[in-house]
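The values are calculated or read from the model by the stated rules, or taken from the named source; none is laboratory data. Quantities reported herein were computed from a predicted structural model and do not represent experimental measurements. FYI the Cβ positions are ideal-geometry reconstructions off the backbone, even for glycines, and counts take in every protein chain you see. Ligands, DNA and RNA are excluded from the accessible area calculation, which covers all protein heavy atoms including side chains. Shrake-Rupley method; radii C 1.70, N 1.55, O 1.52, S 1.80 Å.
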Amino acid sequence: MTTAAIRAAQLPLTLRGTRFGSLTLGAWLYWSAVVVPVALGIPLAAAHVHAVDWRRFASLALLASVSQLLSFHLNRRRVFHPAILFVVAGALLLPAELMILLVVVHCLPDWFKQRYPWYIQTFNIANYVTAGVAAWGIAHAIGFQASPSREAAAGACAAVVFVVTNRLLLLPMLYLGRGLKPRETGLLEGEDLTIELVLALMAVPVAAFWINSLPLAALALAPLFLIHFTQRAVLRLEEAGEVIGQQNVSLEEAHRAVIERSTAALEALSATVDARDTYTAGHSRRVAASSRVIAQQLGLEGADLDVVGQAALLHDIGKIAVPDAVLLKEGSLTAAEWVVMRSHPEEGARIIERLGYLDDVVPGIRYHHERPDGRGYPDGLLGDEVPLTARIIHVADSLDAMTTKRLYRDGRSFEEALEEIRRGRGTDFCEICVDALERAVAARLIGRLTPVREVAA
């Protein structure tokens, strides 16, 4: 049974047209055209067997049967079939009648082992018989046993004819019975074809040596064992690779789930920080939305845009460590209280750093209160020393803070806040980020009358 035949037995049945039992009418007609002539020819061949070397027939039949039972599946539905060698050798060494019987005999043990449906197994036998007869005909037409000088050419032609005939007979059946186009069947794959051609061509030296010396014929089988064990080793490696790949996928999914849950927990914690002050509730979400819009105006996209949004959402998470007496104080803060309040960027960075999977957002959190003129905190960075993510968040954070009502002051109008940011361009705020904010306002993506769109959030 060929690689493609086993593939045909395993593929889910996708039938074309009206069903007649397990196949369509077209598939049954094609099955009959291939199987019926062979079924009529097998008894005829058996009745015309002449006196031959039955030991040669028995040896080839036994080797072919055992090899068929030792066939095994490779990945991508390919099958390693060492029995091809002995079937082609039978086509070179035996009369046509015995070659036909060899094919039938070597398929029977595999039939009982695999338990394929009867119509599949009978088609496979008929396929092998037809391919074997074609190989026998070309080999004897060229003169495999008639002339030693022609043995190589005749044997090579017989091997190629056997493999090609086998696949050409299978293509219509897979199309009519399962609706598979030639490329979908896998019968034309180079790797699969190469393996079967190599096995078929190995029959040529085996048959040539068998005529003169059985020990040499046995020695010619050595490469078969090498190929067999090599394919077994490759199969084990591929299976191990697949297992490792599946485990990696599972680990990645588990890791992703942990990250998503942890991030959700952090976002909830950030919302909790905002909720401590009813006047700033929703601040982090609004800053995140505005930061993403500004980042888009700067040309950021994909992962870079996500980093900006996530860092902005978590930028004030360090305030979880700021006491209510300082965070919610109505009046001005003392110098000592300012030290505590100004610690929140560093504290937030430390919280996120401990997670180990949000390292990209840490700079945006740590430096979102830095200023281009170096008068920011915690490190007094200058100009471009401040990460772009932090510069973006600083603008969005200041805009929302100025327009939000507090216990100790009313919120400014959006226009007043925007004018304040313009005055601080290049000193308090990054120039390109202010320009990006201006473009977003002009495009009505940010503004009091046109709030940040949900898509940005």
When the C-alpha atoms of the range 370-435 are aligned to their principal axes, what extent does each axis show, in angstrom, from largest down?
34, 24, 17
Which value, in Å² rounded to 10, gives the accessible area of Y175 with a 1.4 Å probe and all protein chains present?
90
I need the Debye-formula profile for the range 275-395: one equal scatterer per C-alpha, no solvent, reported as log10 I(q)/I(0) at q = 0.13 1/Å, two decimals.
-0.51
Measure off 7 Å from each Cα along the Cα-to-Cβ vector at R439 and I259, then give the distance between these two points in nanometres to one decimal.
2.9
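Would you mind calculating the gained length between E420 and W338 on full extension (0.36 nm times residue separation, minus the Cα-Cα distance), in nm to one decimal?
Values: separation 82, 0.36 × 82 = 29.52 nm, distance 2.26 nm.
The E420-W338 span can extend by a further 27.3 nm.
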If ligands, DNA and RNA are left out, what is the accessible area of M173 with a 1.4 Å probe, given in Å² to the nearest 10?
20
Once ligands and nucleic acids are excluded and a 1.4 Å probe is used, how much of K113 is accessible, expressed in Å² to the nearest 10?
100
Taking 45 Å as R0, compute the FRET efficiency from the Cβ-Cβ separation of N212 and I244 and round it to 0.05.
0.35
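Based on alpha-carbon atoms only, what is the radius of gyration of the range 98-177 relative to the globular estimate 2.2 N^0.38 Å?
Dividing the Cα Rg of the range 98-177 by 2.2 N^0.38 Å gives 1.25.
Could you give me D for the range 300-356, from Stokes-Einstein at 4 °C and 1.567 mPa s, where the hydrodynamic radius is the Kirkwood radius over C-alpha pairs? Units µm² s⁻¹, please. Write out the running numbers ahead of the final one.
On the way: Rh = 12.7 Å.
The diffusion coefficient I find is 102 µm²/s.
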Pull up the cross-link candidates among the lysines for K405, meaning alpha carbon to alpha carbon under 16 Å and not fewer than 8 places away within one chain.
K329
Averaged per residue, what accessible surface does the range 296-379 expose to a 1.4 Å probe, in Å²?
48
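For T389, T130, give the ranking by accessible area with the largest first, probe 1.4 Å. Don't skip to the answer; put the middle values down first.
Values: T389 25, T130 50 Å².
Largest to smallest exposure gives the sequence T130, T389.
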